[in-house]
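K.L.:
Pasting a structure here, questions to come.
Rule-based calculations on the coordinates, nothing more; no lab input. All values reported here derive from a predicted model rather than from experimental measurement. Cβ placement follows ideal geometry from the backbone for every residue including glycine, while neighbour counts extend to all protein chains displayed.
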Amino acid sequence: MSHALPPELLSRRGLLSRIPTGFAGLGLLSLLADETGAADAAGWQPGKGITHHPAKAKSVLQIFCPGAASHVDLWDHKPALEKQDGKPLPGEENLVSFQGKNGNLMKSPWAFAPAGKSGKMLSTLLPNMSAFADDIAFLHGMTSKTNTHGPGCVFMNTGHVNEGFPGAGAWVSYALGTANENLPAYVALPDVRGEPPNGKANWSNGFLPAKFQGVELSADRPVRNLTPPAGVSPQEDTATRDVLGFLNESHAKSRGGDTDLAARVASYQLAAKMQLSAPEVSDLSRETAASHKRYGTDDPNKLKAAYARNCLLARRMLDRGVRYVNLYCASRASGVDGLLNWDAHKTLKADYDRHAPIFDQPTAALLTDLKQSGLLKDTLVIWTTEFGRMPTHQSGTKGRDHNPDAFTCWMMGAGVKGGVSYGATDEFGRRAVENVTTVWDFYATVLHLLGFDHEKLTWYHNGLSRRLTDVHGHYIKEVLA
C-alpha cells in the first residue's frame, strides 16, 4: 500500500497550505503538555513538590501595605533630608509628579534610631518591628514601572502592570502543589477595611488553571456554608458526596480539557475537606489569652484588632502547610487620601500615626511566633508595597506624592541573610542609584529561595512561555544566607 503524498500537495502551493495546520498541531501539543504538567528538559514536573535546585523555603508569607508606604519615613534613613529640610530639591526645584507640583524637601516627622546589633537606622514609628533589624534583608533600591496604585499593586503582586496575570502565590502553588489536602495552597487575607487597589486581580490565577487562584478569606469572614444542613446525618452527607463525585467525574470526562470545570469540581471537593479543617484553623479561641494579648486581637482600636486576628490566622495557616499567604494591612484608596491606606498625600503625620500602630504590634507578634516556633526556618517572609513617596511635600500640603523611582521592600526567614541592606537611594531618597532592583529581581530571588529557576518556571499562553518575572530579573545573591 503506497503512502506517497498526492502530487498537488508536493507543489509549492500545497506545501504552504499545510503549514498552518502543522503549527496548529504544535500549539495543541504544547497546550496539552502544559495541561498535564509536562516535564521540562531536565525532567522537572510542576505541582509535585519537586524543585529545580535544593530549596531553602517551603512557604511564603507576603505582607502587603497598599497605598505606597513611604520608605523615607519607615525604613530608609536620610540624614541629608533632615539637614536640608525646607529647601528645594536640588536639580528638581519645579518638579511636577503624580498629583502636581512639589514643594520643598520635608524631613520625616519621626526620628530614626539604631536597631539591633547591626545598628540599622529605623523609624521610631515602628518600635516593635525594630526588634527584627538583624533578621531582615532590606532592598532599598527598588523601582516600579508605574506611579498609579492599581497597576502598581498588580505589578508588585504579579510582575506585570496589566491585569490578567497570575499572582506570585498562584505561581508558587502551581509549582509546588499543596502541602495540605484539606486547606487551600494559596490564601489571600484582605484587610477589614476592604480589598487593595485593583482588588482580586492581586491574587488572581490569571491564565493558569482556576484552581491556582488565591482563596479569599479573613478572621472576621470565615469560610461560609461548611456545616451540613440540620437533619442530614454524616452517613448521608458522605453518600451524597460519593454520588456527586461519580457524576462530576463522568461529566468531566465528556468535556476533557476544561480547566474551569475541573477547578470548580476541585473547589467543591476542597470545600468538603474543609468542613473538618477550616473551622479548626479559623477558630482563634483555641489560642491562649497571652497569645491574643501579644497580637492585640482585643485592642480598643477595632482596625488594629481586626488586622491582629488576620495575623494570628496567617500563622495558623502557615503552621498547617498553606504554601502562600497574602496578608494585607490597609485597603484601596478612599475619597480622603490616606484614610484607608498608606497614601499620605496631604497629612503624612496624622495618616501614619493612624496606620503604623495597626501594623506594628500584630506584625511583630506574628514574626516572633514564626521565629520561636521554628517556622521561620522554612518560611520566607516578604514585605511589599507598590512604590515609594517623594522626599518633598506636595505643594500646599504636609504630605508626599507618589515616587516610582525609589522604594524599599524587605525579606527575612528561610535562606535570607539578616541584618543587611542591599541597594541605596540618593542622599534624599528621591531615586534608586546603587544596585537598583526591580520587581522581577525581587521575585527571581523569592523563587530561587523556593528552589526554582525563575526562567524555567513558565506557562505557555498566547504563543509565549509566560513567567512571573516576564523576560527580566536576576536573583540577588547578596541577600542570601
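K.L.:
List the trypsin sites (Lys or Arg not before Pro) within the stretch 50-134 that fall in a DSSP loop (any state other than H, G, I, E or B) and whose Cβ has at most 14 other Cβ atoms within 10 Å.
P.N.:
Details: sites: Lys56, Lys58, Lys83, Lys101, Lys107, Lys117, Lys120; in loops: Lys56, Lys58, Lys107, Lys117.
The qualifying sites are Lys117.
K.L.:
Moving on. Kindly provide log₁₀ I(q)/I(0) values, in the same order as q = 0.20 Å⁻¹, from the Debye equation applied to equal alpha-carbon scatterers of the stretch 329-481.
P.N.:
-1.28
K.L.:
On to the next question. Checking the a/c ratio against 1.5 first, then a/b against b/c, what shape does the Cα gyration tensor give for the stretch 107-179? Don't skip to the end; give the middle numbers.
P.N.:
Details: a/c = 3.30, a/b = 1.66, b/c = 1.99.
In terms of gyration-tensor shape, oblate.
K.L.:
Tell me which residues come under 5 Å, amide H to amide H, from Tyr460 once H is placed; ignore anything under 5 positions away on its chain.
P.N.:
HN-HN under 5 Å from Tyr460: Arg466.
K.L.:
Report, in listed order, any pair from Lys120/Lys377; Lys48/Lys377; Lys293/Lys477 with a Cα-Cα distance greater than 30 Å.
P.N.:
Numbers: Lys120/Lys377 23 Å; Lys48/Lys377 21 Å; Lys293/Lys477 38 Å.
Among Lys120/Lys377; Lys48/Lys377; Lys293/Lys477, the Cα-Cα distance tops 30 Å for Lys293/Lys477.
K.L.:
Skipping prolines and chain starts, which residues have an amide H placed within reach, meaning under 5 Å, of the one on Arg332, given they are 5 or more residues away or on another chain?
P.N.:
Counting only residues 5 or more places away or on other chains, the set is Glu195.
K.L.:
Provide the FRET efficiency to the nearest 0.05 for the Asp242-Lys48 pair, computing r from the beta carbons and using R0 = 30 Å. Provide the component values of the computation, followed by the final result.
P.N.:
On the way: r = 27 Å, r/R0 = 0.91.
Step by step, r from the Cβ atoms, then E = 0.65.
K.L.:
Also, I was wondering about something else. Test of the criteria: in the stretch 65-97, which GluC sites (Glu not before Pro) are in a DSSP loop and have at most 12 other Cβ atoms within 10 angstrom of their Cβ?
P.N.:
Details: sites: Glu82, Glu92, Glu93; in loops: Glu92, Glu93.
Sites meeting the loop and neighbour criteria: Glu93.
K.L.:
Excluding residues on the same chain fewer than 8 positions from Lys87, give the lysines whose Cα lies under 25 Å from its Cα.
P.N.:
Cross-link targets: Lys78, Lys101, Lys107, Lys346, Lys349, Lys398.
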